[in-house]
Amino acid sequence: MAPAMHEWDDETNLFAHSVIGYAIERLRLPKDTQWGAHPADVLRVALEHVITPEGVGGLEALRVFRDVLLPACRPMDDPMNLAYVPTAPSVASTMFDLVVSASSIFGGNWEAGAGAIAAENQALRWLADLAGFPDTAGGVFVSGGSAANLSALATARDAFTKRRGSRPARYAVAATDEVHASVRAAARVMDIEVVAVNTDEHGRMTGEALAAALAAHDREFPDDSVFAVVATGGTTNAGVVDQLDAIADVCEQHDLWLHVDGAYGLAALCSTLARHRFRGIERADSFGVDPHKWLFAPYDSAALVYRDPAPAAATHAQHGAYLDAVDRGDWNPSDYAYHLSRRARGLPLWFGLATYGTQAYTDAVDSALRTAQAFAGEVERRPGFRLLLPPELSVVLFTCDGWTAEQYTAWSKHHAAAGEYLVVPTSWRGEPCLRICVVHPRTDPQRVIEILDDLAAAAPA
Ligand SMILES: *Cc1c(COP(=O)(O)O)cnc(C)c1O
């Protein structure tokens, strides 16, 4: 039986409590650790009779989700998920995400969502303060680091064109090979060039390399106009922070917009152990950081912060007859990225900060950093393993003597299928290797170190 769509009768009541009870159960209980890929045909069969003219009822739909669909999703917040960049949303931020959904807030403009926006801005202010941005800074929560990069670069290009007074033959941004794939994707969407900047032996962009790349590009393509530099505050593959201060010097000399992509790493601005690595962030024009990665908020949430938000509004604000009646008021998040309607997706971070206090965030980020350091130390100590880089943040790259890429992959799949942990291979400077990325404060360092025992036992003959 289907409950009423917008009425609160007894059946709706029962159904709503079942759903919320189930959400709490999901938070409390260990997840089914299904790390591998799932057969599409099982899911197709399970879904065959679900969407019908009459509806199957909420409890049946919930059953399908619980028994078939969710087990076919990876538990991204499992403390032993050490692949890609995992997530570790807190209880408070996750539960509050339900409240945000239940409240139907339009987070696009002040008129409609002032209360939510004021709180989101408080959370953005916490980040802006950590970065040393001025009081006039401001921004918006978008869906992810990819959206943040695209919106920041679109702003930077528009500001550049206005300053210049005309469009150049070609636009370009400068970035290294270690930059996240979303920056190249944004360049494709914007139809602009990417000027490749060499990295040092740690995979970092240095000021010198940036200056050299700009000079060389200028000689070769004098018609290109480089308008921005994308530096990374914690590369995804290696967790390495570019030399932000020296890069900012070059950007200043060349009058270039500096965007710092910190989707993963800038969370460590709140840490005691890694904060110093971001010296120079205070000189950026914009930065992004994903609370859904390492700031304990659920998907999807990325903070985009501008030193001066005015150019962003000039680029992104939408106007139309149907919007004329809007009293735009104090602050309109819609104006600061490519979107109009938006979920107030910064509220779960805000609620978590309010609930636990900022010190809890510092402690939680430090704890992941310590786990990565402990693991890296053990890699260095043990014969048969090689640490490829001293970890700057919570990513550790390492090799097992004599292993090939195929052996890493087979080993990774075996332990994924067993539901023990997810560690996937990558490569560093062309060499196949293993990579762990820790974000969960409850990842047990001892269990991570025991992965080395498994690797030693699995060593190819
Ligand atoms: C993850 C990541 C992104 C992309 O973020 P999404 O939230 O997945 O869109 C961008 N940049 C860096 C450095 C990242 O680690």
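The values are calculated or read from the model by the stated rules, or taken from the named source; none is laboratory data. Computed from a predicted structure; not experimentally measured. With ideal geometry, Cβ positions are generated from the backbone for all residues, glycine too; neighbour counts draw on all protein chains shown. These area figures cover heavy atoms from the full protein model, side chains too; ligands, DNA and RNA do not enter into them. Shrake-Rupley method; radii C 1.70, N 1.55, O 1.52, S 1.80 Å.
Observations, loosely collected:
- Annotation: amide H of G138 within the under-5 Å range of Y306, sequence separation 5 or more or interchain, hydrogens built in the peptide plane.
- Highest average first, the peptides 437-448, 295-306, 56-67, 2-13 ordered by how many other beta carbon atoms sit within 10 Å of their residues are 295-306, 437-448, 56-67, 2-13.
- Taking every protein chain into account, the accessible area of the stretch 208-366 amounts to 38 square angstrom per residue (probe 1.4 Å).
- Charge dipole magnitude, Cβ of K and R +1, D and E -1 - the stretch 19-72, Cα centre, debye nearest 20: 280
- Accessible surface, 1.4 Å probe, highest first, among residues R342, R157, R277, R164: R164, R277, R157, R342
- Loop-resident GluC sites (Glu not before Pro) (DSSP state other than H, G, I, E or B) in the stretch 139-212 with no more than 15 further Cβ atoms inside 10 Å of their Cβ: E201.
- Under the simplified labelling scheme, the A185-R442 pair shows an inter-label distance of 3.0 nm, with each label point 7 Å from Cα along Cα→Cβ.
- Accessible area of W331 in the full protein assembly, 1.4 Å probe (Å², nearest 10): 40
- Positive minus negative residues near R442 (Lys, Arg vs Asp, Glu; Cβ under 15 Å): -1
- In order along the stretch 161-177, the Karplus-derived 3J(HN,Hα) couplings, from 6.51 cos²θ - 1.76 cosθ + 1.60 at θ = phi - 60°, round to 4, 5, 5, 6, x, 7, 8, x, 4, 9, 9, 8, 10, 9, 7, 8, 5 Hz, and Gly and Pro are given as x.
- Our estimate of slack between D158 and A114, defined as 0.36 nm per intervening residue step minus the Cα-Cα distance, is 13.0 nm.
- Here H292 sits with roughly 20 square angstrom of accessible surface, probe radius 1.4 Å.
- Positive-end residue, the chain charge dipole about Cα centroid, Cβ charges, pick of A102, G139, L62: G139
- Cα-based shape type of the chain, given that a ≥ b ≥ c are square roots of the gyration tensor eigenvalues and the cut on a/c is 1.5: oblate
- Of A344, T358, N332, farthest towards positive along the dipole that unit charges on Lys, Arg, Asp, Glu beta carbons give the stretch 322-362: T358
- Count Lys and Arg as plus one, Asp and Glu as minus one, and take only other residues whose Cβ is under 13 Å from that of P89; the net charge is then 0.
- Here K162 sits with roughly 120 square angstrom of accessible surface, probe radius 1.4 Å.
- For the pair W8 and T358, a Förster radius of 30 Å applied to the C-beta separation gives a FRET efficiency near 0.20, rounded to the nearest 0.05.
- Taking amide H as placed 1.01 Å from N in the peptide plane, T426 has its amide H under 5 Å from the amide H of C433, L434, R435, each at least 5 places away in sequence or on another chain.
- Surface composition of the chain: carbon and sulfur make up 54 percent of the accessible area, probe 1.4 Å.
- The stretch 19-72, accessible area per residue, ligands and nucleic acids excluded (1.4 Å, Å²): 67
- Computed from backbone phi with θ = phi - 60° and the Karplus coefficients 6.51, -1.76 and 1.60, the 3J(HN,Hα) list for the stretch 451-458 is 4, 5, 4, 4, 5, 5, 5, 8 Hz; x is used for glycine and proline.
- ³J(HN,Hα), Karplus 6.51/-1.76/1.60, whole Hz, each residue of the stretch 349-361, x for Gly, Pro: 5, 4, 5, x, 4, 5, 5, 9, x, 5, 4, 4, 5
- Stretch gain in nm, segment D308-E25, where the contour uses 0.36 nm per residue and the Cα spacing is subtracted: 97.5 nm
- The distance between label points at S18 and S101 comes to 1.6 nm (points 7 Å beyond Cα on the Cα→Cβ vector).
- When peptides 420-427, 81-88, 379-386 are ranked by their average number of other Cβ atoms within 10 Å per residue, the highest-first order is 81-88, 420-427, 379-386.
- Simple spin-label estimate for D200 and D245 in nanometres, 7 Å along Cα-Cβ: 1.2
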